[in-house]
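The values are calculated or read from the model by the stated rules, or taken from the named source; none is laboratory data. Predicted model only: the values in this text are computed from it and were never measured. Backbone-built Cβ (ideal geometry, glycine too); neighbour counts: all protein chains shown. Surface areas here come from the heavy atoms of the whole protein model, side chains and all, with no ligands, DNA or RNA. Shrake-Rupley method; radii C 1.70, N 1.55, O 1.52, S 1.80 Å.
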Amino acid sequence: MLSIIIAFPKIEDANNIRNILVSGGFEVNATCTTGAQAIMVANELDEGIVICGFRLPDMIYLELNGYLPRGFEMLLLASPQKLLDCADGNILSLSMPIKIQDLLNTLQLMTYKYMRRKKRDKNKPKDRTTVQLETITRAKELLMERNKMTEEEAHRYIQKTSMDSGTDMVETAEMILTMM
């Protein structure tokens with residue numbers, strides 16, 4: 001699930017934003033007053049969004065973004081003047097004072113992008129190790145030699161058999177090697 005961390009120098013500001021998000025249906029994992037706290041919480045979580053101000057007591061937003069683990073995005077809330085200085089295209093930003101609906105819509109958009117990326121990554125084929133690739137190749141070679149198949153036919157045979165049996169191609173190739 002997508003985690004939300006709020007980091008502002010004043011705990012009152014962080015709590016106000018947390019209350020807005022909670023009333024909007026979002027779950028907030030932590031509110032922090034320093035960048036170090038936000039990084040510590042982010043390292044314990046898988047993926048998420050860090051909502052922060054321009055400057056924290058121990059670092060600015062760019063440093064915080066650089067220390068965040070992979071899978072975290074940032075939403076910067078700052079004055080329009082400070083946003084002019086921000087040139088990083090990977091960081092979404094909203095100008096202060098923020099409208100509640102703008103904040104909720106932006107978070108909804110970020111959540112939607114996260115879900116799409118998660119779904120795309122789930123459907124992406126997994127990379128096979130060299131040992132697994134060698135197993136599939138040996139099974140194809142065996143099928144080509146014994147059953148007089150082409151390489152493409154042998155590959156399709158392993159693929160179809162694995163889909164029919166509900167196993168992955170590597171397991172199917174191993175079964176072919178042990179049976180023959």
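Just to check your reading of the model, which residue among Gln159, Gln132, Gln101 is under 30 Å from Gly25 (Cβ atoms), assigned to a helix (DSSP H, G or I) and either at pLDDT 85 or above or not polar (S, T, N, Q) (or both)?
Values: Gln159 fails: under 30 Å from Gly25 (Cβ atoms); Gln132 fails: under 30 Å from Gly25 (Cβ atoms).
Going through Gln159, Gln132, Gln101 in turn, just one is under 30 Å from Gly25 (Cβ atoms), assigned to a helix (DSSP H, G or I) and either at pLDDT 85 or above or not polar (S, T, N, Q) (or both): Gln101.
Are there any pairs, at least 6 apart or on different chains, whose C-beta atoms fall under 8 Å, with the first in segment 96-112 and open to solvent by 70 Å² or more (accessible area, probe 1.4 Å) and the second assigned to a helix (DSSP H, G or I), and if so, which?
Going by the 8 Å Cβ cut-off, the qualifying pairs are Met96/Pro80; Ile100/Ile20.
Conditions tested, residue by residue: (1) aliphatic (A, V, I, L, M); (2) closer than 23 Å to Arg117 by Cα.
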site	(1), (2)
Val41	yes, yes
Glu47	no, yes
Ile51	yes, yes
Met59	yes, no
Asp85	no, no
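I'd like to check which helices (runs of 4 or more DSSP H) are fully inside segment 1-74 and have at least 2 residues that are buried (at least 16 other Cβ atoms within 10 Å of the Cβ) and among the small types (Gly, Ala, Ser).
Per the criteria, 35-44.
Could you list, ordered by first residue, the pairs with Cβ atoms under 6 Å in which the first is in segment 144-165 and among the polar types (S, T, N, Q) and the second is part of a helix (DSSP H, G or I), at least 6 apart or interchain?
Filtered contacts from segment 144-165: Thr161/Thr172; Ser162/Met169; Ser162/Thr172.
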